[in-house]
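The values are calculated or read from the model by the stated rules, or taken from the named source; none is laboratory data. The structure presented is a predicted model; accordingly, all values stated were derived computationally and were not measured. Positions of Cβ are backbone-derived with ideal geometry, glycine not excepted, and every protein chain shown enters the neighbour counts. In case anyone asks, the SASA skips ligands and DNA or RNA and just uses the protein heavy atoms, side chains included. Shrake-Rupley method; radii C 1.70, N 1.55, O 1.52, S 1.80 Å.
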Amino acid sequence: MGDSSDSVSVDMEGVSLCGKEHLVQTCHGYVSVAVLGDQDKPALVTYPDLALNHMSCFQGLFFCPEACSLLLHNFCIYHISPPGHEFGASAISLDDPVYSVDDLVNQIAEVLNFFGLGAVMCMGVTAGAYILTQFAMKYRSRVMGLILVSPICKAPCWTEWLYNKVMSNLLYFYGMCGVVKEILLKRYFSKEVRGGVQVPESDIVQACRRSLDERRSSNVWRFLEAINGRPDISDGLRKLQCRSLIFVGESSPFHSEALYMTSKLDRRYSALVEVQACGSMVTEEQPHAMLIPLEYFLMGYGLYRPSQSNVSPRSPLSPSCIAPELLSPESMGLKLKPIKTRIPLDRS
């Protein structure tokens, strides 16, 4: 990756986080890609979780000024949406076949070719993390690093498969009904932010609920069918040579799978950050928890945040919260070591 020392600090007041949308034609239909930032910079590709797009899955992270500054200072962001998940998407024709996860992986390669991109950094959440991991395994030379949030790597267990089938049938026959939305919100968020009888639903959950109302249920059904038919990719994880940084909320339904995936990765190149009192979507629920681990992860590539402050005052992390080996530039270079970072719930 090239040196970003000639870049300027990001003026958050003047940045549109929606990006410029491109519809890229692939062998498996059109894919929406929102491009944000200077296209002369290295590329960061994102892929969201089921029923989400870049605004509903990554806006919390990019609305965090320090994280946005870090990422836009070093990268041009290419937000890829699953087919038919972009704003204003029309329903995909019933005559079109349901894509497999391999089809979705190949779409990413075609998107990179469309923009003339070589090796990219990748960031995905749960289903999106699975697709980007498989992309890294299939197109090794095109991925320089993986940032995975609550990732999955195994084929669905019987419980998940049945759960997804129930949701799939509801989507097919009743659309994005209230039951489906509740299932999805439990997939994304911890109980603390979902609220209950005495605790109101948080703003981020309300915003996500509105976002789900905008999705075409038939398009979400297609993505769910692909994810529910995914193969186990565990055996290939050890062969990944790119560095990986994994975040997982301790209240995530996929917490145990993220730990399992970490155990399968080469420990010389991977690190784990567990976030307390957080669900699957760390990018939305506790985006500040990602800042300092991201900073040190990117330091291994010679990248940095414009601010000269050692610790962001808005981040719940401090160096004392991070395993000492993570703070070593050598460890954050070719030999990234596993870590376990716990972020206490701020009740102030």
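Brief remarks follow.
- Residue list for the range 231-257, filter: within 26 Å of residue 141 (Cβ to Cβ), small (Gly, Ala, Ser) and crowded, with 18+ Cβ neighbours inside 10 Å: 244
- Contact annotation: residue pairs with Cβ atoms under 6 Å, 6 or more positions apart or on different chains, pairing a residue in the range 80-94 that is over 15 Å from residue 26 (Cβ atoms) with a partner that is modelled with pLDDT of 95 or more and not in a loop (DSSP other than H, G, I, E, B), are 91/218.
One line per residue, one yes/no per condition, for (1) of a type in the set (D, E, K, R); (2) touching a Phe, Trp or Tyr at 6+ places or on another chain (Cβ under 9 Å):
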site	(1), (2)
85	no, yes
104	no, yes
115	no, yes
143	no, yes
174	no, no
178	no, no
181	yes, no
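- The set of residues in the range 117-135 that are out of contact with any Phe, Trp or Tyr (no Cβ under 9 Å at 6 or more places or on another chain) and surrounded by fewer than 24 Cβ atoms within 10 Å (Cβ to Cβ) comprises 118, 119, 134.
- Any hit, the range 149-158, residues being assigned to a strand (DSSP E or B), buried (at least 19 other Cβ atoms within 10 Å of the Cβ) and in contact (Cβ under 8 Å) with a residue 60 or more places away in the chain: yes
- The residues of the range 264-284 that are open to solvent by 30 Å² or more (accessible area, probe 1.4 Å) and at pLDDT 95 or above amount to a single one, 264.
- Complete set of residues in the range 237-250 that are modelled with pLDDT of 95 or more and either more than 23 Å from residue 67 (Cα to Cα) or aliphatic (A, V, I, L, M) (or both): 237, 245, 246, 248
- All positions within the range 20-71 that are more than 20 Å from residue 132 (Cβ to Cβ) and part of a helix (DSSP H, G or I): 63, 65, 66, 68, 69
- Residue count for the range 58-114 satisfying the condition of being of a type in the set (A, V, I, L, M, F, W, C), closer than 16 Å to residue 33 by Cβ and at pLDDT 95 or above: 12.
- Qualifying residue in the range 118-135 (condition: over 17 Å from the mean Cα position of the chain (by Cα), not in a helix (DSSP H, G or I) and not hydroxyl-bearing (Ser, Thr, Tyr)): yes
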